[in-house]
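Only one structure is covered here, and it is reproduced in the block below.
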Amino acid sequence: MKQFWVDARPWNKDIVTTAIESGADAIVAEHAAEVKRLGRITTIAPDGDLVPGKDVAECRITDKASENEAAEKGKNRIVIVTTSDWTVIPLENLVAQSDRIVAAVKNRHEAELALTVLEKGVYGILLQTDKPAVVKEIAELVKNAAGTVHLVPFTVTRICPVGMGDRVCVDTCSMLEDGDGMLMGNTSSAMLLVHAETLENPYVAPRPFRVNAGAVHAYTLLPDGKTAYLADLAIGGQVLVSDETGAARSAIVGRTKIERRPLLLVDAEAEGGAKASLILQNAETIRLVAPGGNAISVVNLAAGDTILGCVLEGGRHFGMAVKETIREK
């Protein structure tokens, strides 16, 4: 997840209050105590949680020499970079050399540029504005959006009961909508989109904050592109939620529930031969997502049905994609 910092120099109480309410990760200020009186948040200040010059460097890019200086400092600490004429080239050069670059931005256009440069974007942005409305706008951009997931159709090839096992329900701190779900898979090379419990049914009330995700061993895709085992998700962590178009956002985990339930296996194949599989609870309320956003219950799913998923780079070490010989089957 990208870092969202807000610059409160000179002191601006309205900006700080709005930043805290909007979910900013840190405030850059002249005095940390002023910020701490308004809320619990990381401060970058001489008396703050992070100290300028020690924990965080600041560099103004004016020429190639200053760009090189910022890149060098970015090897061992976070660097806030500013420029009077923000262009994509120096930012591309810096992001290519360091994953600790925080770009100072003044508006949405600059923020979008910084967050997407070289596809991976900067480590974070520092918003410099005196307008609370801009703080809210950029917070929404940084905190709720998690990019786009390339969803592709998979054709179901097999669905069968496999017996009893432990499955995970993920209860998020967000109200999800029809078509929303989480991406899960038995392997990290391909995942299926499991629909949130947003729909009415005769058996239980909707739980629009919940995804009945899959068995404890399954991988789920996270907002930063890493994966996690469902069993390892914890309160306060973040998961990736995608709609049927692939528009993704992050959601906070409110709790997880692991319970022993009857399970079934879904196998599916995408055009080109990529195969996905997932073990899910065998119940009417568990659904996969079809193209167009329609939800298909696993009790009605049949070979030949089309569902959505994604193809990823297989092979993970502590959730990160790795280039080595790993076979998942």
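A few notes on this one:
- Tallying residues that are open to solvent by less than 60 Å² (accessible area, probe 1.4 Å) and out of contact with any strand residue (DSSP E or B) (no Cβ under 8 Å at 6 or more places or on another chain) within the stretch 54-70 yields 1.
- Unmet requirement for residue 148, which otherwise passes all of (1) open to solvent by 50 Å² or more (accessible area, probe 1.4 Å); (2) closer than 23 Å to residue 199 by Cα; (3) not aliphatic (A, V, I, L, M): (2)
- Residues in the stretch 266-285 that are over 26 Å from residue 148 (Cα atoms) and either crowded, with 17+ Cβ neighbours inside 10 Å or in contact with a helix residue (DSSP H, G or I) (Cβ under 6 Å, 6 or more places away or on another chain) (or both): 281, 282, 283, 285.
- For the stretch 125-139, filtering for residues that are under 25 Å from residue 242 (Cβ atoms) and either open to solvent by less than 50 Å² (accessible area, probe 1.4 Å) or in contact (Cβ under 8 Å) with a residue 40 or more places away in the chain (or both) leaves 4.
- Subset of the stretch 274-289 [hydrophobic (A, V, I, L, M, F, W, C) and in a loop (DSSP other than H, G, I, E, B)]: 274, 283, 286
- Checking 202, 206 one by one, the residue that is over 27 Å from residue 236 (Cβ atoms) and either modelled with pLDDT under 95 or surrounded by 14 or more Cβ atoms within 10 Å (Cβ to Cβ) (or both) is 202 and no other.
- Output for the stretch 162-214, where each listed residue is among the acidic types (Asp, Glu) and under 18 Å from the mean Cα position of the chain (by Cα): 171, 177, 180
- When 28, 102, 122 are screened for being within 21 Å of residue 2 (Cα to Cα), in contact with a Leu (Cβ under 6 Å, 6 or more places away or on another chain) and touching a residue at least 40 places away in the same chain (Cβ under 8 Å), only 102 passes.
- Only one of the numbered conditions (1) open to solvent by 30 Å² or more (accessible area, probe 1.4 Å); (2) part of a strand (DSSP E or B); (3) under 26 Å from residue 121 (Cα atoms) is violated by residue 248, and that is (1).
- Residue in the stretch 162-178 that is surrounded by 22 or more Cβ atoms within 10 Å (Cβ to Cβ) and among the charged types (D, E, K, R) present: yes
- Answer residue from the stretch 38-65, given it is assigned to a strand (DSSP E or B) and hydroxyl-bearing (Ser, Thr, Tyr) and is nearest to the chain's Cα centre (by Cα) among those: 42
- The single condition among (1) open to solvent by 30 Å² or more (accessible area, probe 1.4 Å); (2) modelled with pLDDT of 95 or more that residue 224 does not satisfy is (2).
- Some residue of the stretch 232-245 being open to solvent by less than 40 Å² (accessible area, probe 1.4 Å) and of a type in the set (Gly, Ala, Ser): yes
- Identification of strands (runs of 3 or more DSSP E) wholly contained in the stretch 174-238 with 2 or more residues that are in contact (Cβ under 8 Å) with a residue 24 or more places away in the chain and of a type in the set (A, V, I, L, M) yields 181-185, 190-195, 210-215.
- You will find that of 79, 35, 102, the residue that is part of a helix (DSSP H, G or I), buried (at least 17 other Cβ atoms within 10 Å of the Cβ) and among the β-branched types (Val, Ile, Thr) is 35 and no other.
- Residue in the stretch 286-298 that is farther than 20 Å from residue 176 by Cβ, in contact (Cβ under 8 Å) with a residue 12 or more places away in the chain and open to solvent by 60 Å² or more (accessible area, probe 1.4 Å) present: no
The values are calculated or read from the model by the stated rules, or taken from the named source; none is laboratory data. Source: prediction; values computed, not measured. Neighbour counts run over all protein chains shown; Cβ positions are idealised from the backbone, glycine included. These accessible areas exclude ligands, DNA and RNA; they are computed on the full protein's heavy atoms, side chains included. Shrake-Rupley method; radii C 1.70, N 1.55, O 1.52, S 1.80 Å.
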